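First up is the structure itself, then whatever we jot down about it.
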Amino acid sequence: MGTSIAFVSIKGGVGKTTLALETASALANDFNKKVLLVDANFSAPNIGLYLDMKQDFTLHHVLNGEEGLHAAIYEAFGMDIVPASMHFNDSVDPYKLKKVLDKHKHRYDFIIIDSSPHHSEMIPAMAAADKIFVVTTPDRVTLHTSVKAAVLAKKNNSAIEGVIINKIKDSKYEIDLKEIEDLMELPVVARVKDHKKLLEAGFYKMPITIYDSLNEISREIKHLAGAIAGEKEIRSLFDRIFRRNHWGTEMVNREFMRKKFYECQMI
């Protein structure tokens with residue numbers, strides 16, 4: 001039985017969709033997992049646009065009862081992907097998402113869900129997930145907003161695995177890891193820097209983990225994906241020599257998370 005994982009944030013623009021896509025790509029291509037990536041941002045979907053996907057049927061058609069999920073699954077970059085529709089006039093019930101995905105869990109190792117920042121759409125995505133990651137950027141405004149996402153998840157009894165700090169630019173002017181963990185009362189499991197290569201990958205409609213697999217963004221996402229896949233983290237010689245005391249806390253947090261994910265996969 002596969003594990004469903006939702007990436008959530010109440011504030012748009014934090015890179016949640018990118019992280020969901022890249023984590024799914026790394027799980028599929030670097031750890032040989034069978035992965036389904038689902039765009040559950042019903043009002044403003046982005047995955048289909050990001051990958052320039054041509055689709056006849058989407059998650060909206062599935063939730064509307066017009067088609068089964070199989071009709072809305074497309075393959076790209078080693079993943080199965082369910083896009084959502086930018087132009088769908090009929091109303092859908094987002095709370096059907098869990099029932100639809102549960103029927104297909106046996107086909108996948110992981111189902112990655114990209115949620116909407118809107119409360120009414122994020123709650124159904126949380127309900128459909130076994131585990132949740134809260135995505136934030138390291139500025140104070142976004143962090144306080146991200147706390148709300150964590151509170152909502154806890155109210156819904158969702159299993160929050162940790163926080164992913166995204167778009168790090170200059171640590172001198174951004175909130176540090178300890179303060180973030182204290183504020184959110186959650187472990188930080190990844191810190192992803194900002195990089196112009198991400199723009200290049202987007203221009204060429206590719207995940208950066210494939211476009212530039214050695215980029216520091218790709219390396220950090222692969223560390224996260226490895227922990228999700230239950231694989232022990234191996235640090236490069238460069239990291240062992242020059243970064244012995246750098247980026248250490250999230251590595252420890254990932255190891256705790258890895259053991260939890262591994263135990264779940266053994267059940």
Tell me, D80, D130 in order of fewest to most beta-carbon neighbours within 10 Å?
D130, D80
Have a look at S43, M1, H87 and report the one farthest towards the positive end of the charge dipole of the chain, computed about the Cα centre with Cβ charges (Lys/Arg +1, Asp/Glu -1).
M1
Please report, in debye to the nearest 20, how large the charge dipole of the stretch 54-177 is about its Cα centre when each Lys and Arg carries +1 at its beta carbon and each Asp and Glu carries -1 there.
420
If I stretch the segment between D139 and M86 completely, what's the gain in nm (0.36 nm per residue apart, minus their alpha carbon distance), one decimal?
16.1 nm
Across the stretch 6-104, how many lysine pairs, 8 or more positions apart or on different chains, have C-alpha atoms separated by under 27 Å? Please give the number.
24
So, with +1 on the Cβ of K and R and -1 on the Cβ of D and E, and no other charges, what is the size of the charge dipole of the chain about its Cα centre, to the nearest 20 debye?
600
Where does each of E185, E121 land when they are ranked from fewest to most other beta-carbon atoms within 10 angstrom?
E185, E121
Using only the alpha carbons, work out the radius of gyration and Dmax of the chain in angstrom.
17.4, 57
Given the candidates A20, F110, A159, the one whose Cα lies deepest towards the positive end of the charge dipole of the chain, counting +1 at each Lys or Arg C-beta and -1 at each Asp or Glu C-beta, is A159
Can you give me the span-like helices of the chain, meaning DSSP H runs with 15 Å or more of Cα extent along the axis and Kyte-Doolittle mean at or above 0.0?
16-30, 140-155, 216-228
At 222 nm, what value in deg cm²/dmol follows for the chain if DSSP H runs of at least 4 each add -39500 (n - 2.57) and the sum is divided by all its residues, to the nearest 500?
-12500 deg cm²/dmol
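Read-outs: derived from the displayed coordinates by stated rules, not from any lab. Bear in mind that the values here come from a model prediction, so they are computed numbers and not experimental data. Counting neighbours? That spans all protein chains shown, and the Cβs are built from the backbone with ideal geometry, glycine included.
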